[in-house]
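First comes the structure, then the notes that go with it.
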Amino acid sequence: MSKKNILYLSAFLFFIGCTNVYSPMGIKGKKAKEQLEELRSGLSAVSLFTYIPATLNITSNSTNTTYTCATENTAISGFTNPTTGANFDLSSPINYIDLSVTAGGTHYFRSSPSSTNQIITGKILKTNDTSPTASCSYITGSVCGNTDLSGVSISSSISTMMSVSAGNCLAILCTTPAYIRLKQYNFELFSLAGLEPILSSTSSPYIFESVSKIGEDTYYTKESFEKCRKEIVDYAVIEIQYSKFLSALITEVSTCNKPHSLFQGAASSASKLTAAIQGNACDLEPVNFFGF
């Protein structure tokens, strides 16, 4: 082989070896990561703006009396005989307990003795059939067993701070149709509900980068890069729809006196899961030896 041919071959091999140094038809990994993360951040912001307003309104939602809450077929019916024994239990911890009165007249509810000192949150809900201003009141103390509730002054309004000491019971009296939801007060920090998705979104770039495995110094085809962008947008739409679902769930939970733990776990995992799916979908294809 002549020196001239060797020179041409060396230049050709050098050009092939430089496809990861420069490729006019590809995109460098570092630039691809920057553009993809900019796209992801913008889409995630839309998701957060959908979710956060609902969390900021948790306290106001809890006092809302116009929202119609769904009833459950597990609701406990009241009794009309004031010496009837306990018909619900305050065992710790409780999720929530629904009490239902569907007819007029005087109806009672009585708990079994509480095993611990605890605070119960109660709310009279607006449902399709009942009013949030239904006439119901409560008392706590030695009203357990078959104590005649008709001879007890049950006059305190259902509230968010009903203290029940260990060994004592909670008794409720209603004189109109009503739907009451009780849950254990556990000092839930409402503000953390809004922080969880924000903290989760800050970790999603690392999850995306780890799963996608885009090399900063590698050149990738523009075709695979554009396909990756499309996949990110497609999956972001799913996250935005999920955020709308969470916002509706937050409103229901805070308005209808349900534990906030029902939505907090789901909220924190949403953006992480989306980042992992997007990273897995972004299978960028390196350019060939010719830089294409």
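The values are calculated or read from the model by the stated rules, or taken from the named source; none is laboratory data. Note that the coordinates shown come from a computational prediction; the quantities given were computed from them, not determined experimentally. Note: ideal-geometry Cβ built from the backbone for every residue, glycine included; neighbour counts use all protein chains shown. Only protein heavy atoms, including side chains, enter the accessible area calculation; ligands, DNA and RNA are left aside. Shrake-Rupley method; radii C 1.70, N 1.55, O 1.52, S 1.80 Å.
A few comments on the model shown:
- Neighbours by Cβ (under 6 Å, 6+ apart or cross-chain): first from segment 153-168, on the phi > 0 side of the Ramachandran plot and in contact (Cβ under 8 Å) with a residue 40 or more places away in the chain; second outside any strand (DSSP E or B) and surrounded by 13 or more Cβ atoms within 10 Å (Cβ to Cβ): Gly167/Pro113
- Segment 204-218, subset assigned to a loop (DSSP other than H, G, I, E, B) and among the acidic types (Asp, Glu), residue least open to solvent (accessible area, probe 1.4 Å): Glu216
- Criterion applied to Thr102, Thr63, Thr83 was being modelled with pLDDT of 90 or more, of a type in the set (Val, Ile, Thr), open to solvent by 60 Å² or more (accessible area, probe 1.4 Å) and farther than 20 Å from Ser261 by Cβ, and the one residue passing it is Thr102.
- Subset tally (residues that are farther than 12 Å from Ser44 by Cα and either open to solvent by 90 Å² or more (accessible area, probe 1.4 Å) or out of contact with any helix residue (DSSP H, G or I) (no Cβ under 6 Å at 6 or more places or on another chain) (or both)) for segment 230-248: 5
- Test: residue in segment 219-226 that is at pLDDT below 90, surrounded by 19 or more Cβ atoms within 10 Å (Cβ to Cβ) and outside any helix (DSSP H, G or I): no
- Each residue in segment 116-128 was checked for being exposed (fewer than 15 other Cβ atoms within 10 Å of the Cβ) and at pLDDT 95 or above, and 1 pass.
- Filtered by the rule that a residue be of a type in the set (Asp, Glu) and either over 16 Å from Phe109 (Cβ atoms) or surrounded by 15 or more Cβ atoms within 10 Å (Cβ to Cβ) (or both), segment 129-161 gives a lone residue, Asp129.
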